[in-house]
Amino acid sequence: MAAVQRLLRAASSPHGGAAAAGVRRMATSQAPAASAFPFAGEERMRRPAQERDVHWVFLGCPGVGKGTYASRLSRLLDVPHIATGDLVREELASTGPLAAQLKEIVNQGKLVSDEIILNLLSKRLKKEEEHGESGFILDGFPRTVNQAEILDGITDIDMVVNLKLREDVIVQKCLGRRTCSECGSSYNLACIDVKAENGLPPIYMSPLLPPSKCVSKMVTRDDDTEEVIRNRLQIYNEMSQPVEDFYKNQGKVLEFDLPGGIPESWPKLLQVLNLEDQELNRATA
């Protein structure tokens with residue numbers, strides 16, 4: 001797979017990302033002026049979802065729900081949902097050549113390098129291509145400008161969906177997370193009902209309560225404390241702004257403020273993407 005090989009070569013080169021991005025920028029600078037948002041053109045918006053290019057990136061702080069909405073859209077559009085966090089966990093659980101190296105990095109609390117992340121991503125893209133897949137929705141990648149430049153050099157990202165949610169709501173949401181120690185299902189005990197203030201809209205998110213068989217088996221993540229959550233948010237905000245700016249300069253960012261939980265947010269997200277969920281339509285009818 002030529003694109004994957006280019007991705008790996010770019011990752012191993014200290015200047016590969018910038019050079020690849022430079023080529024991509026030159027190519028786009030010679031094209032006719034486009035709308036600030038690639039799907040804003042009426043003709044493209046009217047195209048059926050299955051005829052669109054779906055090379056999308058989902059951005060958003062930890063706990064905002066990137067995985068939830070990205071996975072729903074991947075099922076709706078029949079394209080892979082690729083979460084780099086899942087790729088790392090899958091490799092850690094395997095006997096692959098990177099497993100031992102990853103375990104050492106994770107145990108030491110270090111960040112996984114760009115080269116390793118890109119290696120895992122390239123393996124996944126190759127696997128999907130062998131199964132006839134041509135699109136993808138990336139979740140949790142890119143997280144740095146270097147990664148964005150490398151990715152930009154080997155594929156055209158059509159759209160970057162940046163999910164936004166108030167920090168106080170994110171904290172409540174993360175503090176309410178629970179997992180069943182027996183079946184592994186995830187739930188959320190938080191009932192979030194934030195009133196409108198300082199020009200910010202009200203937000204309501206109902207809890208996702210466990211069934212009776214799981215109630216006594218609920219466990220909390222060790223890192224789901226308010227101090228750790230706020231620290232994660234601060235680090236993310238510092239790291240993500242350059243990536244957001246990178247894609248904003250290309251006119252590819254759709255910022256979406258979540259108005260509430262899934263029942264409130266999913267229909268509105270579909271609306272701005274000009275997509276239809278037949279199951280949702282049947283339920284509404």
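The values are calculated or read from the model by the stated rules, or taken from the named source; none is laboratory data. Computed from a predicted model, the values in this text were never measured in an experiment. Note that each Cβ is placed from the backbone with ideal geometry, even for glycine, and that neighbours are counted across all protein chains shown. These area figures cover heavy atoms from the full protein model, side chains too; ligands, DNA and RNA do not enter into them. Shrake-Rupley method; radii C 1.70, N 1.55, O 1.52, S 1.80 Å.
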**Request:** Name the single residue, out of those in segment 90-112 being surrounded by 11 or more Cβ atoms within 10 Å (Cβ to Cβ) and modelled with pLDDT under 85, that is nearest to LEU151 (Cα to Cα).
**Result:** VAL112
**Prompt:** Within the group ASP152, ASP139, which residue is closer than 18 Å to ALA83 by Cβ and either basic (Lys, Arg) or open to solvent by less than 60 Å² (accessible area, probe 1.4 Å) (or both)?
**Reply:** ASP139
**Asked** Which of the residues that make up segment 65-95 are touching a Lys or Arg at 6+ places or on another chain (Cβ under 9 Å) and in a loop (DSSP other than H, G, I, E, B)?
**Response** GLY65, PRO80
**Fill in**
Screening SER265, SER216 for residues that are among the hydroxyl-bearing types (Ser, Thr, Tyr) and crowded, with 16+ Cβ neighbours inside 10 Å leaves only SER265
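Please determine, by comparing only the residues of segment 62-89 that are among the β-branched types (Val, Ile, Thr) and surrounded by 19 or more Cβ atoms within 10 Å (Cβ to Cβ), which one is farthest from LYS103 (Cα to Cα).
Start the filter on segment 62-89 by keeping residues that are among the β-branched types (Val, Ile, Thr), which leaves 64, 68, 79, 82, 84, 88.
Checking the rest, the ones that are also surrounded by 19 or more Cβ atoms within 10 Å (Cβ to Cβ) come to 64, 79, 82, 84, 88.
Numbers: VAL64: 27, VAL79: 30, ILE82: 21, THR84: 16, VAL88: 10 Å.
Checked segment 62-89; the qualifying residue farthest from LYS103 (Cα to Cα) is VAL79.
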**Message:** Against the definition (more than 15 Å from the chain's Cα centre (by Cα) and within 23 Å of LEU233 (Cα to Cα)), how does LEU138 come out, yes or no?
**Reply:** no
**Message:** So the check is Cβ under 9 Å with 6+ separation or different chains; which pairs have a first residue in segment 138-150 that's of a type in the set (Ser, Thr, Tyr) and a second one that's open to solvent by 10 Å² or more (accessible area, probe 1.4 Å)?
**Reply:** THR144/ASP114; THR144/MET239; THR144/PRO242
**Fill in**
Of those in segment 97-135 that are under 21 Å from the mean Cα position of the chain (by Cα) and among the acidic types (Asp, Glu), the residue nearest to HIS55 (Cα to Cα) is GLU133
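ILE157: at pLDDT 80 or above and farther than 30 Å from GLY260 by Cβ, yes or no? Please lay out each step first, then the result.
Values: at pLDDT 80 or above: yes; farther than 30 Å from GLY260 by Cβ: no.
In short, no.
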